[in-house]
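Okay, structure first, notes after.
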Amino acid sequence: MPIPRLQLLIIDPQNDFCDLAAAALPVPGATADMQRLSQLIQAQGHLLDAIHVTLDTHQKLDIAHPSWWCNASGEAPPPFTQISIADIENGIWQARHPQQQAYSLAYVQALAQSGRYQLMVWPEHCLQGSWGQQVHDGLAKSLADWESDYGLKVNYIRKGYNPNTEHYSAIQAEVPDPADPASQVDTVWIAMLARADTLLIAGQALSHCVASTIDDLPAQLGESYLQKMWLLNDCSSPVPGFEMIADTFISKMRIRGMHSVCSREVDLSQLTATSQSKEQHHA
């Protein structure tokens with residue numbers, strides 16, 4: 001089997017994140033992002049050796065959904081409420097089911113220790129089997145055509161189904177569940193990504209799941225792996241209100257070695273040639 005040198009990683013390209021009328025958590029610009037990504041696959045898919053697609057997939061009852069929580073009056077928090085350790089300790093928000101109270105506090109404490117995110121209550125989104133959980137139509141067709149045209153299988157990866165933890169990063173959950181391998185690092189998949197000379201990255205949302213994945217990859221594959229990573233910056237957009245955070249993060253990753261390029265300008269054959277040149281240099 002040939003080494004999959006040029007790989008594409010698409011993070012959560014789903015209807016609920018696209019700026020469509022029925023979307024639960026629309027990201028402005030996401031639909032156009034998916035259209036550009038679809039065009040890239042149609043035009044240059046013959047140069048891609050592997051495509052990975054993560055699918056954010058939730059149950060209705062989820063620690064980051066309103067129905068998990070309530071105040072003293074039994075009211076659920078509105079979407080985009082942040083819940084802190086103090087909020088739980090002071091009774092501002094509590095787990096609706098009393099048996100989940102101790103775990104919920106321990107979870108938010110673990111989040112605080114990681115220092116990456118505070119618990120955010122999101123609108124119910126990407127529910128298993130729903131329209132919102134499905135891949136954007138145009139991109140789904142391009143992915144299906146790529147499989148038919150080149151006899152290769154798109155690697156679909158479900159994340160987020162464990163209701164007891166958030167799962168922004170494609171690599172692992174924010175607080176991995178020891179009893180759930182799907183919330184932990186998939187070493188087989190990491191080994192596949194490690195074989196890439198070039199990894200293109202796109203998807204939604206830039207400020208959250210894309211950024212978390214970018215952050216986790218070098219932690220698993222080494223700092224030098226950033227040199228292999230290319231963000232398709234016109235195929236990923238931030239959640240409203242988080243634009244500056246996303247820009248600052250991406251700037252820092254570029255300083256560390258990650259590249260970025262526009263899908264409308266990139267010539268994947270040049271990236272392939274670069275990969276082949278690297279291999280010959282190290283042979």
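Values quoted throughout were computed directly from the atomic coordinates according to the rules given, and no laboratory measurement underlies them. Bear in mind that the values here come from a model prediction, so they are computed numbers and not experimental data. Positions of Cβ are backbone-derived with ideal geometry, glycine not excepted, and every protein chain shown enters the neighbour counts.
Across the range 66-76, rounded Karplus estimates of 3J(HN,Hα) from the backbone phi angles (6.51 cos²θ - 1.76 cosθ + 1.60, θ = phi - 60°) give x, 5, 6, 10, 7, 9, 4, 8, x, 8, 6 Hz, Gly and Pro being marked x.
Of all aspartates and glutamates in the structure, the ones whose alpha carbon falls short of 16 Å from that of Lys153, not counting any fewer than 8 places away in one chain, are Asp49, Asp145. Only Lys, Arg, Asp and Glu carry charge here, each on its Cβ (+1 for the first two, -1 for the last two); on that basis the chain has a dipole of about 420 debye about its Cα centre.
Filter the GluC sites (Glu not before Pro) in the range 61-155 down to the DSSP loop ones having no more than 11 other Cβ atoms within 10 Å, then list what survives. Show your work: numbers first, answer last.
Numbers: sites: Glu75, Glu89, Glu124, Glu147; in loops: Glu75, Glu124.
Those that pass, being in a loop and sparsely packed, are Glu75.
Distance between the modelled labels on Gln227 and Asp19, one decimal in nanometres: 3.8 nm (7 Å Cα→Cβ projection).
Here the 3J(HN,Hα) profile of the range 127-137, calculated from phi with Karplus coefficients 6.51, -1.76 and 1.60 at θ = phi - 60°, is 5, 3, x, 8, 4, x, 7, 6, 5, 3, 3 Hz, Gly and Pro shown as x. Within the chain, antiparallel bridges make up roughly 20 percent of the DSSP beta bridges whose residues both belong there.
Filter the GluC sites (Glu not before Pro) in the range 213-271 down to the DSSP loop ones having no more than 14 other Cβ atoms within 10 Å, then list what survives.
Working: sites: Glu223, Glu243, Glu265; in loops: Glu265.
Passing both the DSSP loop test and the Cβ count: Glu265.
Scalar couplings 3J(HN,Hα) for the range 175-190, obtained by applying the Karplus form with A = 6.51, B = -1.76, C = 1.60 to θ = phi - 60°, are 10, x, 8, x, 8, 10, x, 5, 8, 9, 5, 8, 5, 5, 5, 4 Hz; x denotes Gly and Pro. Here's how it looks for Ser260: its modeled amide H is under 5 Å from those of Leu231, which are all 5 or more places away or on a different chain.
Once you keep just the Cα pairs under 8 angstrom separated by 6 or more residues, what percentage relative contact order results for the chain? Provide the component values of the computation, followed by the final result.
Details: 531 pairs, mean separation 71.2, N = 283.
In percent, rounded to a whole number, it is 25.
This ranking places Lys141, Lys159 by how few other beta-carbon atoms lie within 10 Å of each, fewest first, which gives Lys141, Lys159.
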